[in-house]
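The values are calculated or read from the model by the stated rules, or taken from the named source; none is laboratory data. As the structure is a prediction and not an experimental result, all values here were calculated from the model. Cβ atoms come from the backbone with ideal geometry, glycine included; neighbour counts cover every protein chain shown.
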Amino acid sequence: MTYAAITGWGKCMPPSVLTNADLSTFLDTSDEWIVSRTGMKERRISHVSSAEMAVVAAKRALACAGLEAKDVELIVYGSCSNDEQVPNTASGVQAAIGATKAASMDVNTACTSFLYSLSTATAMIRTGVVKNAIVIGVEWISPFMDWDNRNVAVLFGDGCAAVVVQATEKQEGVLGEQLGCLADARQTLRVRGMGTAYVNQGVMCGDTSWDFDGQEIFKRAVQGMVQASQAVMAKCGVTPDDIDLVVPHQANQRIIDAVVSRSGVPMDKVMLTVERYGNMSAATVPVALAEALEEGRVKPGALVLMPAFGAGLTVCAHLVRWGERVTPLAESDAALPATNKTALQMIQAIRAGKTNVQERSGEGLQRPRFIEQM
Ligand code: ACO
């Protein structure tokens with residue numbers, strides 16, 4: 001039987017740090033509130049596009065796997081903040097790295113996009129459609145953020161990581177997954193102004209404001225991730241004692257605590273990045289996975305559980321068996337261009353460019369009729 005082992009990994013984190021103190025300069029918030037409610041101390045803000053981060057992460061993952069770009073057969077680009085809708089962003093990464101033989105697709109399930117992309121690539125490898133793939137989780141969410149809404153602005157950050165997946169006869173890679181969507185809760189998180197639905201209201205695409213019911217998302221996220229984790233463990237015939245490492249989506253430290261304690265895995269088996277990076281949506285799980293490998297927390301043959309949720313509300317949990325190799329075969333010298341801008345300067349530029357978010361919030365922008373009905 002063919003499996004799809006993860007053989008390469010690489011992250012690309014933008015260097016500019018936005019602290020809780022920075023947020024307090026333009027929002028009515030505090031370090032104490034953010035840390036106590038979310039566990040977040042800082043997050044990164046990118047000075048380059050998501051595709052540029054993805055190219056660096058992909059080159060690093062390829063070097064790690066010892067695979068050449070010309071031999072890549074598939075690129076799956078998981079994100080909800082794509083640079084463009086047409087052409088897709090995966091094709092831009094393909095062109096930049098020279099993966100001339102690859103098929104390329106974008107997948108958007110919000111924060112779960114990387115894991116849904118991993119499922120897609122794994123399924124195509126296991127059914128013999130392709131022999132290998134680059135799977136990317138990336139988010140440049142700062143240009144779409146509603147920076148004057150403290151309910152959401154403190155929670156998110158930018159980042160990217162990629163993995164290489166390759167066909168093998170060994171029982172490695174994704175052993176099983178549970179995918180689902182709590183569509184009755186889709187109204188709890190909506191970014192208004194990111195699609196054609198708003199064009200007939202005179203809203204510029206990208207001039208966003210967020211609907212966000214944090215408490216309802218919190219509750220549904222915990223239930224969804226616990227159920228998905230239990231379902232995938234049952235499907236694969238493993239118990240919490242068999243899990244060596246949990247790499248969860250990191251939207252809030254308290255959500256992780258609740259999911260992990262209800263899943264029966266001890267906290268010392270959990271990889272955490274939320275304090276340093278906040279919620280990077282699709283990039284969160286692959287960045288945490290790459291850092292777990294860098295820190296030596298993934299041992300040869302380890303069983304890794306990866307539960308996540310995102311807008312939709314999409315939920316999932318993946319069970320991955322790691323192979324023997326936990327170190328890179330080689331390292332790429334790919335890197336982002338330097339910047340002399342601070343994260344706060346970049347945020348202030350984005351805020352200045354958003355013309356009417358505050359007026360629209362005050363007026364209560366009406367949703368287009370067809371979305372109201374969904
Ligand atoms: N600073 C200070 N006060 C704030 C802030 C802030 N940044 N944000 C909200 N508040 C205030 C509110 O105005 C409210 O005040 P009020 O009681 O006077 O009306 C109060 O704090 C809100 O308190 P709670 O709702 O009790 O806060 P809670 O403990 O629920 O934490 C939070 C809010 C952090 C948003 C939490 O609900 C949460 O994490 N939810 C899930 C969010 C999430 O996961 N988002 C990602 C979604 S999917 C994806 O990953 C794309």
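Taking the condition within 11 Å of the ligand (Cβ to nearest atom), among the basic types (Lys, Arg) and part of a helix (DSSP H, G or I), does Arg186 pass? So Arg186 fails the test.
Within the range 217-225, is there a residue that is touching a residue at least 40 places away in the same chain (Cβ under 8 Å), buried (at least 17 other Cβ atoms within 10 Å of the Cβ) and either polar (S, T, N, Q) or assigned to a loop (DSSP other than H, G, I, E, B) (or both)? Outline the logic, then answer.
Residues of the range 217-225 that are touching a residue at least 40 places away in the same chain (Cβ under 8 Å), as a first pass: 217, 220-222, 224-225.
Now drop any that are not buried (at least 17 other Cβ atoms within 10 Å of the Cβ), which leaves 217, 220-222, 224-225.
The next check asks that each one be either polar (S, T, N, Q) or assigned to a loop (DSSP other than H, G, I, E, B) (or both); those that pass are none.
No, the conditions are met nowhere in the range 217-225.
Report, by residue number, each residue of the range 318-336 that is in a strand (DSSP E or B) and either within 15 Å of the ligand (Cβ to nearest atom) or farther than 20 Å from Ala282 by Cβ (or both). Arg321, the sole residue that qualifies. Condition first: under 18 Å from the mean Cα position of the chain (by Cα), more than 16 Å from the ligand (Cβ to nearest atom), outside any strand (DSSP E or B) and closer than 25 Å to Leu293 by Cβ. Now tell me which residues in the range 57-88 satisfy that. Of everything in the range 57-88, those that are under 18 Å from the mean Cα position of the chain (by Cα), more than 16 Å from the ligand (Cβ to nearest atom), outside any strand (DSSP E or B) and closer than 25 Å to Leu293 by Cβ turn out to be Ala57, Ala58, Arg60, Ala61.
Taking the range 249-295 as the range and being more than 16 Å from the ligand (Cβ to nearest atom) and small (Gly, Ala, Ser) as the test, the residues that pass are Ser261, Ser263, Gly264, Ala290, Ala292.
Taking the options Met53, Met1, name whichever one is crowded, with 18+ Cβ neighbours inside 10 Å and either in contact (Cβ under 8 Å) with a residue 12 or more places away in the chain or assigned to a helix (DSSP H, G or I) (or both).
Working: Met1 fails: crowded, with 18+ Cβ neighbours inside 10 Å.
Of the residues listed, the single one that is crowded, with 18+ Cβ neighbours inside 10 Å and either in contact (Cβ under 8 Å) with a residue 12 or more places away in the chain or assigned to a helix (DSSP H, G or I) (or both) is Met53.
Reported count of residues in the range 301-325, each being surrounded by fewer than 16 Cβ atoms within 10 Å (Cβ to Cβ) and touching a Pro at 6+ places or on another chain (Cβ under 7 Å), is 1.
I'd like the full set of residues that are part of a strand (DSSP E or B) and more than 18 Å from Ser50 (Cα to Cα), limited to the range 146-179. Quick ask: steps written out before the conclusion?
Just the residues of the range 146-179 that are part of a strand (DSSP E or B), to begin with: 156, 159-168, 173-179.
Those that are part of a strand (DSSP E or B) and more than 18 Å from Ser50 (Cα to Cα): Val164, Val165, Gln166, Ala167, Thr168, Gly173, Val174, Leu175, Gly176, Glu177, Gln178, Leu179.
Taking the criterion of being assigned to a helix (DSSP H, G or I) and away from the ligand (no atom under 16 Å from the Cβ), no residue of the range 22-50 qualifies. Quick check on Met13: is it under 27 Å from Asn252 (Cα atoms), more than 16 Å from the ligand (Cβ to nearest atom) and either out of contact with any Asp or Glu (no Cβ under 6 Å at 6 or more places or on another chain) or free of Cβ contacts under 8 Å to residues at least 12 places away in the same chain (or both)? When the stated conditions are applied, Met13 passes them. Here Val298 fulfils each of the conditions (1) away from the ligand (no atom under 16 Å from the Cβ); (2) under 20 Å from Arg220 (Cβ atoms); (3) crowded, with 20+ Cβ neighbours inside 10 Å apart from (2). Picking from residues in the range 120-142 that are surrounded by 19 or more Cβ atoms within 10 Å (Cβ to Cβ) and not β-branched (Val, Ile, Thr), the one that is nearest to the ligand (Cβ to nearest atom) is Glu139.
Of all residues in the range 145-157, those that are polar (S, T, N, Q) and at pLDDT below 95 have Cβ atoms under 8 Å from Cβ atoms of residues that are more than 8 Å from the ligand (Cβ to nearest atom) and assigned to a helix (DSSP H, G or I), 6 or more apart or on another chain, in Asn149/Ser361. Check whether at least one residue in the range 183-195 is surrounded by fewer than 20 Cβ atoms within 10 Å (Cβ to Cβ) and either under 11 Å from Leu305 (Cβ atoms) or of a type in the set (Asp, Glu) (or both), and report yes or no. Yes; the residues of the range 183-195 include at least one that is surrounded by fewer than 20 Cβ atoms within 10 Å (Cβ to Cβ) and either under 11 Å from Leu305 (Cβ atoms) or of a type in the set (Asp, Glu) (or both).
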